[in-house]
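Q: Have a look at the structure that comes next, please.
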Amino acid sequence: MTRAWLIGAGPGDVELMTLKATRALAQADVVLVDDLVNPDVLQFARADAQVVYVGKRGGHPSTPQAGIVAQMLEHARAGRRVARLKGGDPFVFGRGGEEQQALHEAGIEVEVINGITAGIAAPAAIGIPVTHRDFAQGVVFVTGHGADSGEPDWAALVATRMTLVIYMGMRRLGKIVSALIAAGMSADTPCAAIESATRPEQRHVLARLDEFADAVARAGLGSPAIVVIGGVASLALARAAVEANVVDASAVATPTPGANAR
Ligand code: SAH
């Protein structure tokens, strides 16, 4: 019997969680919840489940990773079924790999349940496909964080000519853009930043590469956001169309026939 699950809760919209995830959640005795998880997904947990928030709350530092693993081990060893809920997919920049290793080393069986990662959900929410035959042969998911594992090799990534999807890139956006331009990426490359994708408060900015960091700063966009750099970003829908799709079609006024016709 599974004692522990690593569950992807998806990017925010509760309906983007998988059926498998909701079923596992319904069996858990203890649920350890990360920051970026929409608390609404807890509707699928048992009413008597113990829910522990282990993310950064109100500016407090997050529970250290070792502490989270220790809690998972303690509950699993006590015979409780533990669900570890993470935003997006647990194995994409989610430290799920480390948690799986720790549980395996302790002899505890763990089941991984995929979630829809923000790196595809956020672009899609504004009409951007991460691959498209006319624009890119592939996509690179990369962290812009620049801490622990060091700076990505931006010049090597530019040379791939693939779509760049950057997680955790907002704080260092100016530096990243400069590095891409220095590596020869064209100044007019289309870019998008999507904040709080698939949630009601979703916002985005579209700009060419050399104007992108300023445009994002002017709009006051911050974390959590996904950055998309590459020709596919030119396929983003206009803001009104995004609102019509994602929020509520009735909120967008019907255009007067003939006005702005193209
Ligand atoms: N495991 C997660 C990623 C965790 S890293 C996943 O697969 O999606 C955290 C980063 O994910 C954030 O800094 C941001 O870049 C991105 N992110 C997560 N949820 C997001 C959302 N709803 N909208 C935009 N970006 C998001």
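Q: Where Rh is the Kirkwood radius over the Cα pairs of the range 4-113, the temperature 25 °C and the viscosity 0.890 mPa s, what D in µm²/s does Stokes-Einstein return?
A: Numbers: Rh = 13.7 Å.
Rounded to a whole number, D works out at 180 µm²/s.
Q: Rounded to the nearest 20 Debye, what is the dipole magnitude of the chain about its Cα centre when Lys and Arg each give +1 and Asp and Glu each give -1 at the C-beta?
A: Values: 23 positive and 26 negative charges, 26 e Å.
Computed about the Cα centre, the dipole is about 120 debye.
Q: May I ask you to derive the relative contact order of the chain, considering only C-alpha pairs under 8 Å and at least 6 residues apart, and to give it as an integer percent?
A: On the way: 502 pairs, mean separation 48.1, N = 262.
18 percent.
Q: Taking +1 at the Cβ of each Lys and Arg and -1 at the Cβ of each Asp and Glu, which of ILE113, THR189, GLY138 sits farthest along the dipole of the chain towards its positive end, judged by Cα position relative to the Cα centre?
A: Positive-most Cα among the choices belongs to ILE113.
Q: Would you mind working out the magnitude of the charge dipole of the range 4-113 relative to its Cα centre, with +1 at each Lys and Arg C-beta and -1 at each Asp and Glu C-beta, to the nearest 20 Debye? Walk me through the numbers before you get to the answer.
A: Values: 11 positive and 14 negative charges, 35 e Å.
Using only the charged Cβ atoms, the result is roughly 180 debye.
Q: Let me check something: with ligands and nucleic acids excluded, how do ASP34, ASP214 order by accessible area (1.4 Å probe), largest to smallest? Don't jump to the answer; show the numbers that get you there.
A: Values: ASP34 40, ASP214 100 Å².
Descending order: ASP214, ASP34.
Q: Quick one, what does Rg over Rh come out to for the range 114-158 if you take C-alpha atoms and the Kirkwood Rh? List each step's numbers first, then the result.
A: Details: Rg = 12.8 Å, Rh = 12.5 Å.
Rg/Rh: 1.02.
Q: Right, something else. Among TRP154, LEU32, ALA240, whose Cα lies farthest out toward the positive end of the dipole of the chain, if unit charges sit on the beta carbon of Lys, Arg (+1) and Asp, Glu (-1)?
A: Of the listed residues, the answer is ALA240.
Q: Would you mind checking the radius of gyration and Dmax of the range 67-147 based on alpha-carbon positions, in Å?
A: 16.7, 55
Q: Can you grab the distance from the C-alpha centre of the range 103-156 to the C-alpha centre of the range 157-213, Å, no decimals?
A: The range 103-156 and the range 157-213 have Cα centres spaced 15 Å from each other.
Q: To continue, here is another question. Count neighbours as other Cβ atoms within 10 Å of each site's Cβ, and list the GluC sites (Glu not before Pro) in the range 97-128 that are DSSP loop with at most 14 such neighbours. Could you put the intermediate results ahead of the total?
A: Values: sites: GLU98, GLU99, GLU105, GLU109, GLU111; in loops: GLU109.
Passing both the DSSP loop test and the Cβ count: GLU109.
Q: Something else: Please give the solvent-accessible surface of GLU211 in Å², to the nearest 10, using a probe radius of 1.4 Å with every protein chain present.
A: Spelled out: GLU211, probe radius 1.4 Å, area about 100 Å².
Q: I've got another one for you. What are the ³J(HN,Hα) couplings of the range 128-144, residue after residue, when phi is run through the Karplus curve with 6.51, -1.76, 1.60 and θ = phi - 60°? Round to Hz, x for glycine and proline.
A: 9, x, 6, 10, 6, 3, 7, 10, 7, 7, x, 9, 10, 8, 9, 8, x
Q: Let me ask another. Along the Cα→Cβ direction, 7 angstrom out, place labels at ALA219 and ASP134. What is the inter-label distance in nm?
A: Those two pseudo-labels are separated by 2.2 nm.
Q: About its Cα centre, how strong a charge dipole does the range 118-251 have in debye, to the nearest 20, once Lys and Arg get +1 and Asp and Glu get -1 at the Cβ?
A: Numbers: 10 positive and 12 negative charges, 5 e Å.
Charge dipole of the range 118-251: 20 debye, to the nearest 20.
Q: Full extension from SER178 to ARG80: what is 0.36 nm times the residue separation minus their Cα-Cα distance, to one decimal in nm? Walk me through the numbers before you get to the answer.
A: Numbers: separation 98, 0.36 × 98 = 35.28 nm, distance 4.97 nm.
So the extension gain works out to 30.3 nm.
Q: Convert 20 °C to kelvin, take the viscosity as 1.002 mPa s, use the Kirkwood radius over C-alpha pairs of the range 118-251 as Rh, and evaluate the Stokes-Einstein diffusion coefficient in µm²/s, rounded to a whole number. Show your work: numbers first, answer last.
A: On the way: Rh = 14.7 Å.
The Stokes-Einstein estimate is 145 µm²/s.
Q: Considering the chain as a Gaussian network with a 10 Å cut-off on Cα pairs, which listed residue, ALA121, ALA45, ALA217, attains the greatest mean-square fluctuation?
A: Between ALA121, ALA45, ALA217, it is ALA217 that shows the largest mean-square fluctuation.
Q: Additional query: Write down the Kirkwood hydrodynamic radius of the chain, to one decimal in angstroms, obtained as one divided by the mean of 1/r over all alpha carbon pairs. Can you show the working numbers first?
A: On the way: mean 1/r = 0.0505 Å⁻¹.
Evaluated over the chain, this radius sits at 19.8 Å.
Q: Multiplying the sequence separation of ASP188 and ARG161 by 0.36 nm and subtracting their Cα-Cα distance, what value in nm do you get? Please report the intermediate quantities before stating the final value.
A: Details: separation 27, 0.36 × 27 = 9.72 nm, distance 1.41 nm.
Computed gain between ASP188 and ARG161 is 8.3 nm.
Q: Follow-up. Suppose the chain between ALA238 and GLN65 were pulled fully straight at 0.36 nm per residue; how much longer would it get relative to their current alpha carbon spacing?
A: Values: separation 173, 0.36 × 173 = 62.28 nm, distance 4.02 nm.
Here the answer is 58.3 nm.
Q: OK, next. Measuring from label point to label point, each 7 Å out along Cα→Cβ, what is the GLN50 to GLN27 span in nm?
A: 2.0
The values are calculated or read from the model by the stated rules, or taken from the named source; none is laboratory data. Owing to the predicted nature of the structure, the values given are computational and were not obtained by experimental measurement. Backbone-built Cβ (ideal geometry, glycine too); neighbour counts: all protein chains shown. To get the accessible areas, we keep the full protein, side chains included, count just its heavy atoms, and leave off ligands, DNA and RNA. Shrake-Rupley method; radii C 1.70, N 1.55, O 1.52, S 1.80 Å.
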